[in-house]
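Peer 1: I am attaching a structure below and will ask some questions about it afterwards.
The values are calculated or read from the model by the stated rules, or taken from the named source; none is laboratory data. This structure is a prediction, so every number in the text was calculated from the model and none was measured. Because the Cβ atoms are built from the backbone with ideal geometry, glycine has one as well, and the counts that use them run over all protein chains shown. Just the protein is used for accessible areas: all its heavy atoms, side chains included, with ligands, DNA and RNA removed. Shrake-Rupley method; radii C 1.70, N 1.55, O 1.52, S 1.80 Å.
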Amino acid sequence: MDHLTLKSLKPTEYAEAADGYRAISGTADAAVNRIDEQITAGMRKANEGEAADAALKQLRKLSENFHYTQVECGLITGALDGFSSEITAPKRRLTEALDDAAALGYSVNTDGTITYPAGGKNELTGEPIPGGKVLGNNGRPAGGRRQG
């Protein structure tokens, strides 16, 4: 992930999305319980015959669909919460590094290079130290994997 993508991420939005999926999962769970404990039980007491059996079979399918929704939303919730949690620290470190760079008069370019101003004199030669541009990678190749 490049620094611009990381900078633009908002971990709280992923956590909020997880809350939405958590709510859907809870609603699906309530539907499963209502179908299984109230509606189906009431139908068994009040009805019998082929039509009642067919309706109960359809209610079982509906209950299974709600259960599937509940489980899948739970998985999505976990993934979104996990991502939000895992990306928070790297985003904070990037923000701190960008703030530090700005405070020192450095600029971080969209391609990831850092431009720094000229400053001071070379102690050995007495010549001015020119500004410039650098690109670092923290020991990682461009693909983001550690060298090994």
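Peer 1: Name the residue that is least open to solvent (accessible area, probe 1.4 Å), counting only residues in segment 28-57 that are of a type in the set (S, T, N, Q) and modelled with pLDDT of 90 or more.
Peer 2: Here the answer is THR40.
Peer 1: When you look at ILE24, is it over 30 Å from VAL134 (Cα atoms), open to solvent by less than 40 Å² (accessible area, probe 1.4 Å) and in contact with a helix residue (DSSP H, G or I) (Cβ under 6 Å, 6 or more places away or on another chain), yes or no?
Peer 2: Criteria not met by ILE24.
Peer 1: Which one of the conditions (1) in contact with a strand residue (DSSP E or B) (Cβ under 8 Å, 6 or more places away or on another chain); (2) closer than 30 Å to ARG34 by Cβ; (3) hydroxyl-bearing (Ser, Thr, Tyr) does THR113 fail to meet, given that it meets all the rest?
Peer 2: (2)
Peer 1: Sticking with this structure for a sec: For segment 61-85: of the residues being more than 19 Å from the chain's Cα centre (by Cα) and either modelled with pLDDT under 95 or among the aromatic types (Phe, Trp, Tyr) (or both), which is surrounded by the fewest Cβ atoms within 10 Å (Cβ to Cβ)?
Peer 2: Once the filter is applied, the top-ranked residue is TYR68.
Peer 1: Of the residues that sit in segment 1-21 and are more than 18 Å from ALA79 (Cβ to Cβ) and touching a Leu at 6+ places or on another chain (Cβ under 7 Å), which one is most open to solvent (accessible area, probe 1.4 Å)?
Peer 2: LYS7
Table: residues versus (1) touching a residue at least 24 places away in the same chain (Cβ under 8 Å); (2) in contact with a helix residue (DSSP H, G or I) (Cβ under 9 Å, 6 or more places away or on another chain).
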residue: PHE66; (1), (2): yes, yes
residue: CYS73; (1), (2): yes, yes
residue: THR77; (1), (2): yes, yes
residue: SER85; (1), (2): yes, yes
residue: ALA89; (1), (2): no, no
residue: ASP99; (1), (2): no, no
residue: GLY112; (1), (2): yes, yes
residue: TYR116; (1), (2): no, yes
residue: GLY126; (1), (2): no, no
